[in-house]
Amino acid sequence: MHNLGKREERGIGKVLIVIDMQNDFVTGTLGNQEAQAIVPNVQAKVKEYADRGDWIILTRDTHEENYLDTPEGKKLPVKHCINGTEGWQIVPELEVENCEYIDKPTFGWLN
Ligand SMILES: [Zn+2]
């Protein structure tokens, strides 16, 4: 059953944060079948939250053209998620109206 009341009327809803589900990690330079296999599950989750009017945040790993010269590029010398490229975009199935984006310059685990 859907409850499509406005966010204000229901108070603060839940927040879904989808981490770095970008083309390069799924079908691009760092993609693999495991990543592709989870897309339908993530898509179902996003739809569930979107239908309730909850807050959906999509993070994007974001690098510039000089990626290979950065500390991450030295550890992982595979160019990926270059700002503005196709590979940097969120997997199309996961984008919904009113979702928000957070661009982050590096992986936390490399700090
Ligand atoms: Zn990266």
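No value in this document is a laboratory result; all are computed from the given coordinates. All of these numbers come straight from a predicted model, not from anything done at the bench.
Across region 13-105, Cα pairs under 8 Å and at least six residues apart give a relative contact order of 39 percent. Ordered from longest to shortest, the equivalent ellipsoid semi-axes for region 13-105 are 26, 14, 10 Å, each the square root of 5 times a Cα gyration tensor eigenvalue. Database remark: amide H of V18 closer than 5 angstrom to the amide H of I57, L58, T59 (H placed geometrically; neighbours at sequence offset of 5 or more, or on other chains; Pro and chain starts carry no H).
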